[in-house]
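The values are calculated or read from the model by the stated rules, or taken from the named source; none is laboratory data. On a predicted model such as this, the values are computed, not experimentally measured, just so you know. Quick reminder, even Gly has a Cβ in these numbers, built from the backbone with ideal geometry, and neighbours come from all protein chains shown. Ligands, DNA and RNA are stripped out before the accessible areas are found, and what is left, the full protein with its side chains, is counted by its heavy atoms. Shrake-Rupley method; radii C 1.70, N 1.55, O 1.52, S 1.80 Å.
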Amino acid sequence: MSTFQKHTPSAHSFRLVCVVCVALCGVAAAENQTLKFHYTSTAGPPIESTQQCNTTVVYDDQECSRSEARALAKCHGPDPTEVNNTFLEYGCGACPPDTQGCKEFYLSRNMITCQNTYQPVQDYTFNFTCIAGHSTAAAEHVVPCSVQGTATDIAYLREKAVCHMPNQELVDNPYTDYGCGSCFYTVTSKTQTCLECAAGDADNCNRYAEPKIQWSCYKGGTSFLCQGKHAACFSATQDYEGSDTLLLEGGCGTCTAANFTAESCDTCTGDMCNSARAAVGTWLALTVGVLWFSRLL
């Protein structure tokens with residue numbers, strides 16, 4: 001069982017069993033108490049060695065807590081989540097200041113050992129696949145990808161596996177590349193044009209999606225801005241004799257999307273492709289409206 005020392009203002013020092021800690025702390029006068037923890041830590045390199053650690057903790061009488069003391073007794077070692085970590089040192093105490101790749105560990109419940117257990121570093125390769133190419137060429141094109149590095153567990157390397165793709169919610173996105181790894185743009189422009197997805201749990205996470213584009217259609221006698229994945233406009237057929245204002249005015253998208261039948265509606269593709277017929281339809285819609293209003297007079 002681990003032990004600690006309690007130092008009072010006198011010159012005497014007593015070594016007591018840990019379970020007596022709470023009782024002694026409560027009896028003491030309103031002054032700081034000094035507790036010393038003795039425990040072992042993994043040391044290295046070499047990794048086979050261990051070392052004795054001594055941590056002194058000072059407490060206020062009113063807040064004496066063995067769990068708090070335990071939390072202040074630390075050791076350090078390489079961060080197991082860091083891929084290609086160059087920090088390999090194990091030892092007592094906190095991490096050295098401004099050290100990359102170091103992680104702090106705490107005492108085990110037995111209060112005898114620290115939790116910086118040695119974890120062997122190995123070379124791993126995690127394989128996965130991504131969609132690759134540009135625009136429609138990427139729809140069915142799958143390529144092998146991999147992430148390589150040294151780590152204590154391949155699970156950490158798995159988290160580094162990503163694919164990239166265009167942000168298809170962005171209208172007229174100039175970025176069209178699909179492929180392995182991170183986006184090639186900066187963080188600022190990546191947010192706007194390129195997105196990444198986690199490939200560690202599922203291959204081909206960057207599924208191809210048709211880009212969102214912008215075009216114009218003739219609607220109600222004027223040019224109307226449209227957005228979608230296919231540039232299409234609708235208008236009334238040449239022989240349409242009805243009075244549906246929405247159909248006569250024309251608009252964005254297909255006849256089917258606008259809930260019109262092929263007998264009365266024509267779909268065309270391209271920017272402003274319905275301008276001629278929609279202009280006639282608008283004139284007809286106005287004429288019908290005037291005639292209907294004149295009957296009420």
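Below, the figures for the structure above:
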quantity	calculated
Filter pass, residue 245 being without any contact (Cβ under 8 Å) to a residue 60 or more places away in the chain, hydroxyl-bearing (Ser, Thr, Tyr) and closer than 23 Å to residue 135 by Cβ	no
When residues of region 175-213 are limited to those that are assigned to a helix (DSSP H, G or I) and out of contact with any Asp or Glu (no Cβ under 8 Å at 6 or more places or on another chain), the one modelled with the highest pLDDT	193
Qualifying residue in region 195-202 (condition: out of contact with any Gly (no Cβ under 8 Å at 6 or more places or on another chain) and of a type in the set (D, E, K, R))	yes
Within region 150-175, considering residues that are more than 17 Å from the chain's Cα centre (by Cα) and surrounded by 17 or more Cβ atoms within 10 Å (Cβ to Cβ), the one nearest to residue 229 (Cα to Cα)	175
Close pairs from region 160-178: first farther than 13 Å from residue 132 by Cα, partner assigned to a strand (DSSP E or B) and aromatic (Phe, Trp, Tyr), Cβ under 6 Å, at least 6 apart	161/126; 161/128
Those residues of region 217-239 which are in contact with a Ser or Thr (Cβ under 7 Å, 6 or more places away or on another chain), open to solvent by 20 Å² or more (accessible area, probe 1.4 Å) and not in a loop (DSSP other than H, G, I, E, B), in sequence order	218, 223, 224, 225
Matching residues, region 244-272, being β-branched (Val, Ile, Thr) and open to solvent by 60 Å² or more (accessible area, probe 1.4 Å)	245, 256, 261, 267, 269
Residues of region 65-124 classified as hydrophobic (A, V, I, L, M, F, W, C), at pLDDT below 85 and closer than 14 Å to residue 45 by Cα, total	1
Residue within region 38-51 that is among the polar types (S, T, N, Q), at pLDDT below 75 and open to solvent by less than 40 Å² (accessible area, probe 1.4 Å) present	no
Region 85-140, subset in contact (Cβ under 8 Å) with a residue 60 or more places away in the chain, touching a Ser or Thr at 6+ places or on another chain (Cβ under 6 Å) and assigned to a strand (DSSP E or B), residue most open to solvent (accessible area, probe 1.4 Å)	113
